Amino acid sequence: MIEYRPMTEEDIPHVIEIENQCFSQPWSAEAMLRELRENVKMARYMVACADGRVVGYGGYWQIFDEAHITNIAVDGEHRRQGIAGNILLALEAEYASRGILYATLEVRVSNTAAHELYLKHGFTDAGVRPGYYEKPREDAYIMWKTMEAASGSR
């Protein structure tokens, strides 16, 4: 069974392992620690745990009435089990409780699995940021979701 809960400082070493596994420019432990300690007004992070071990995580920054999703990543051994989608749902429940109306994110054009996940969860393509990613240099889809659309009122 997978447990979804807010990230703690004790989770950071496991989160960084996943960062290093999933991203060509991973966040450092120091950057993640700053998010939890110093960016508490804006940053919120959740982890997914299996048998007490962090197997995935995700986070967002609240900027006025928008949630900017920073990262969602799942350990290679636990992919294709719905964990990323459930992390996204946990983040959405958290930011909806804060009155956030819109969510946005960037995703590599080549990351078909993530792009499809976000489309499945109601995000739409709003444009492309040329050369947004480095190592390797690549464009990003800009995706948006209106939370009222998620609740069916629009």
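Looking only at residues in the stretch 1-34 that are more than 22 Å from ASN86 (Cα to Cα) and out of contact with any helix residue (DSSP H, G or I) (no Cβ under 7 Å at 6 or more places or on another chain), the one that is surrounded by the fewest Cβ atoms within 10 Å (Cβ to Cβ) is GLN25. Can you give me the number of residues within the stretch 128-154 that are touching a helix residue (DSSP H, G or I) at 6+ places or on another chain (Cβ under 9 Å) and modelled with pLDDT under 90? Qualifying residue count, the stretch 128-154: 4. Checking TYR118, TYR141 one by one, the residue that is open to solvent by 30 Å² or more (accessible area, probe 1.4 Å) and of a type in the set (Phe, Trp, Tyr) is TYR141 and no other. Here GLU3 fits the description: touching a Cys at 6+ places or on another chain (Cβ under 6 Å) and either in contact (Cβ under 8 Å) with a residue 60 or more places away in the chain or of a type in the set (Asp, Glu) (or both).
Based on this model, can you work out whether TYR132 counts as in a strand (DSSP E or B) and either in contact (Cβ under 8 Å) with a residue 60 or more places away in the chain or open to solvent by 60 Å² or more (accessible area, probe 1.4 Å) (or both)? It is true that TYR132 is in a strand (DSSP E or B) and either in contact (Cβ under 8 Å) with a residue 60 or more places away in the chain or open to solvent by 60 Å² or more (accessible area, probe 1.4 Å) (or both).
The values are calculated or read from the model by the stated rules, or taken from the named source; none is laboratory data. Note that the coordinates shown come from a computational prediction; the quantities given were computed from them, not determined experimentally. As a convention, Cβ positions derive from the backbone with ideal geometry for all residues, glycine included, and neighbour counts pool all protein chains shown. Only protein heavy atoms, including side chains, enter the accessible area calculation; ligands, DNA and RNA are left aside. Shrake-Rupley method; radii C 1.70, N 1.55, O 1.52, S 1.80 Å.
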